[in-house]
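Beneath this line is the structure, given in structure tokens, with notes to follow.
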Amino acid sequence: MNKKIKYSALTVTLIMLLSACQLTNVLPIPINPSVATPTIQSSQPVTITSLGAEGDQFVTIYKNVSPGVVSIKTYDNTGTALGLGSGWVYSSEGYIVTNNHVVEGAAKLEVDFPSGFKTFGTVKGTDAHSDLAVIQVTAPASELKPLTLGDSSQLNVGQVVVAIGNPFGLDSTMTTGIISALGRALPSSVSAGSSGGYFSASDIIQTDAALNPGNSGGPLLNLNGEVIGINQSIRTTGTTSTGDPLNSGIGFAISINIAKRVVPSLIKTGKFIYPYLGVTTLDVFDQLSLDEITKLGLTQFTGAYVTSVTAGGPAAKAGVIASNTDANATDVLPGGDLIIAIDGHPVLRYDDLIGYLYSQKSPGDTVVLTVLRGSKKVNLTLTLGVRP
């Protein structure tokens, strides 16, 4: 007899965000900080004769990169200031990359360069799913110093990284840390509609480099001074006296390889179109206990367990099977396919599945899902649709 399993977390729609209840304190870095004059403590002068090789490297990175990092001030149609964020020069044509949440709702954008040059910018394109936006400015060639792009697929946990931005309005601030984790999937601001939940942002870099309000949209860099991510959000339980979230050592950045796909499309068409599977899944490793895994009859502890399939969607057409789950309940039943690979790439977590789709595939592409159906391994070929 099939026994219902009580599951406390909301299910996750593929190409959708983890529900807010699971990541209640992951917040976009605010763009409207309460900027106060820092308190400066007097101290005895210190003479530094040498910073050492690593210190010299940081100095070089700052000198080379900071001229290409800008401050973005946003205003409503009455001229009232809305907020402050960061951005960086993408190309000599005047394109600036930042976060979508930095420019969202703004009627006017002011872009301030480290040299003191100021200009207005116009939004060229936005993508709320990845939280990326492109601004175009008219500026002298001497002000437009494009940053070099790295390759986020070559990153390793533990690698030293550098962030440059404008935390709390303190322009051209540099902080350092390490990569804490790779391949995270986090909530975007885009509702998935009737399925209940949010679409996902994938291939997210987790770092302990200090990120605070005003850092949004600034670059995360490797020690070659290459952009490997765009700083976007933090997870915290602490706030300032004015309600701004405080850095707690858990920050997130959009990988540059995602930006490499999205940004050119934003420049060309103003938008980016995502692939779509049409399933709802549970991450076995992160969302199910050992007892629940046993009751579901799953034979491994990793993969994406299919709880529902969108009628008429790509997965439905390919024959993906969902568990017999009441969409209005929190009970999960046995019987669903367990996705364990896509195009031969292992799916250990939901993040692996969505990350592969985001970084490698487009609507109309064909993929092969490998699923466990009971103890039987089945390969299902499907054509990806356009995410609604």
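The values are calculated or read from the model by the stated rules, or taken from the named source; none is laboratory data. Keep in mind that what you see is a predicted model, and the values were worked out from it rather than measured. Using ideal geometry, Cβ is built from the backbone for each residue, glycine included, and neighbour counts are taken over all protein chains shown.
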Among 267, 273, the single one that is in a loop (DSSP other than H, G, I, E, B) and either touching a Cys at 6+ places or on another chain (Cβ under 6 Å) or more than 15 Å from residue 340 (Cβ to Cβ) (or both) is 273
Within segment 85-104, residues outside any strand (DSSP E or B) and either crowded, with 17+ Cβ neighbours inside 10 Å or under 25 Å from the mean Cα position of the chain (by Cα) (or both) come out as 90, 91, 94, 99, 100, 101, 102, 103, 104
So for segment 106-125 (the condition being modelled with pLDDT under 95 and either of a type in the set (Lys, Arg) or out of contact with any strand residue (DSSP E or B) (no Cβ under 6 Å at 6 or more places or on another chain) (or both)), does at least one residue qualify? no
Matching residues in segment 342-382 (closer than 21 Å to residue 322 by Cα, surrounded by fewer than 20 Cβ atoms within 10 Å (Cβ to Cβ) and either within 19 Å of the chain's Cα centre (by Cα) or not assigned by TED's automatic domain parsing to the domain that holds residue 281 (or both)) number 0
For segment 134-159, pairs from a residue that is free of Cβ contacts under 8 Å to residues at least 60 places away in the same chain to a residue that is surrounded by 14 or more Cβ atoms within 10 Å (Cβ to Cβ) and among the charged types (D, E, K, R), with Cβ under 8 Å and 6 or more apart or across chains, are 136/124
Output for Cβ contacts, cut-off 7 Å, separation at least six or different chains, first residue in contact (Cβ under 8 Å) with a residue 40 or more places away in the chain and surrounded by 14 or more Cβ atoms within 10 Å (Cβ to Cβ) in segment 105-132, second in a loop (DSSP other than H, G, I, E, B) and of a type in the set (Gly, Ala, Ser), reads 114/172; 124/270; 125/270
- Query: Is it the case that segment 278-291 has a residue that's among the small types (Gly, Ala, Ser) and within 30 Å of residue 254 (Cβ to Cβ)?
  - Reply: yes
Among residues of segment 193-225 being farther than 16 Å from residue 159 by Cβ and surrounded by fewer than 24 Cβ atoms within 10 Å (Cβ to Cβ), the residue modelled with the highest pLDDT is 210
Filter segment 226-236 for residues that are over 15 Å from residue 64 (Cβ atoms) and surrounded by fewer than 24 Cβ atoms within 10 Å (Cβ to Cβ); the one that is modelled with the lowest pLDDT is 236
Of (1) surrounded by fewer than 18 Cβ atoms within 10 Å (Cβ to Cβ); (2) modelled with pLDDT of 90 or more, residue 339 satisfies every one except (1)
